[in-house]
1. I need the full set of residues from the stretch 188-223 which are in contact (Cβ under 8 Å) with a residue 24 or more places away in the chain, more than 16 Å from the ligand (Cβ to nearest atom) and within 19 Å of residue 43 (Cα to Cα), in order please.
2. Just give me the residues in the stretch 188-214 being assigned to a strand (DSSP E or B) and open to solvent by less than 70 Å² (accessible area, probe 1.4 Å), in sequence order.
3. When the residues of the stretch 157-181 are filtered to those that are part of a helix (DSSP H, G or I) and either within 19 Å of residue 47 (Cα to Cα) or not hydrophobic (A, V, I, L, M, F, W, C) (or both), which remaining residue is farthest from the ligand (Cβ to nearest atom)?
4. Name the pairs: first residue in the stretch 27-53 and closer than 15 Å to residue 160 by Cβ, second residue within 12 Å of the ligand (Cβ to nearest atom) and in a helix (DSSP H, G or I), Cβ to Cβ under 6 Å, at least 6 apart or on different chains?
5. Considering only residues that are acidic (Asp, Glu) and farther than 26 Å from residue 75 by Cβ, look in the stretch 157-187 and name the one that is most open to solvent (accessible area, probe 1.4 Å).
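The values are calculated or read from the model by the stated rules, or taken from the named source; none is laboratory data. Computed from a prediction, not measured in an experiment: that's the story for all the values here. When we count neighbours, we look across all protein chains shown, and the Cβ atoms used for this are built from the backbone with ideal geometry, even at glycine. Note: areas computed on protein heavy atoms with side chains; ligands, DNA, RNA excluded. Shrake-Rupley method; radii C 1.70, N 1.55, O 1.52, S 1.80 Å.
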Amino acid sequence: MIQVKHLSHSFGRYWALKNISFSLDKGDFLFLTGPSGAGKTTLMRILHGSLPVQRGIASIAGFDLKSLPEKRLYQLRRQVAIVFQDFKILPDETVWDNVALPLQVRGMVPGQVHKRVRAVLRSLRLDNKSWCQCREISGGEQQRVAVARAVVINPKVLLADEPTGNLDKKLSMQLVEVFRQFHLHGTTVVLATHNEELINSLPGAKILCLREGAEAGCNWESAED
Ligand SMILES: Nc1ncnc2c1ncn2[C@@H]1O[C@H](COP(=O)(O)OP(=O)(O)OP(=O)(O)O)[C@@H](O)[C@H]1O
């Protein structure tokens, strides 16, 4: 589902990723960890097609990211959803409209949109905030809206960059449970986090640790040459 081989990425002279290789199968759950500045967001952005593949190979959900033209990115994003560190939700729209939007732009009929949005908001305990404008809700609630908007399309791959950063322990664990449920239904999940407690809460998950752009450890045979 995800293949990364000898991937390197530089910003000017600074190498943010250095020769990273790993692969994930359908339904794998990966914790991407490492200190601030390790390259986690850079890797996520490459996998989501928002940064180019400069060196090496990266493919996701059957798309070769090196050769994928920009005009086909929308196809990738039907299969690969991302939760950004800074949410990127629409502050003037309601919680409901933020979550319904990805389904509406895909042309889903209103009845199905309604059913799906309701189910996702309920699973993230946001149903009592459906009609609030996003600017009026708390940071932790906004973070859950960002997650709801990503999972509502039933993606093949879910990328989440520090999705629990603004949440207390209880909500963080609940959110990981939401991700786990998707993973149990076959979604491949990549979750970037510093939070060791979260990582320890899913003993079967794969872990890849980055440090200064390089691989600093992992708990499985992450790459074959
Ligand atoms: N657009 C950019 N221009 C220049 N340098 C950048 C850019 N984006 C990231 N970097 C640098 O690349 C390195 C990796 O950044 P990245 O955001 O991928 O780290 P991270 O592991 O996600 O960190 P954090 O946990 O703090 O979010 C950092 O040193 C960062 O300053």
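1. 188, 189, 205, 206, 222, 223
2. 188, 189, 190, 191, 192, 206, 207, 208, 209, 210, 214
3. 181
4. 32/40
5. Among residues in the stretch 157-187 that are acidic (Asp, Glu) and farther than 26 Å from residue 75 by Cβ, the one most open to solvent (accessible area, probe 1.4 Å) is 168.
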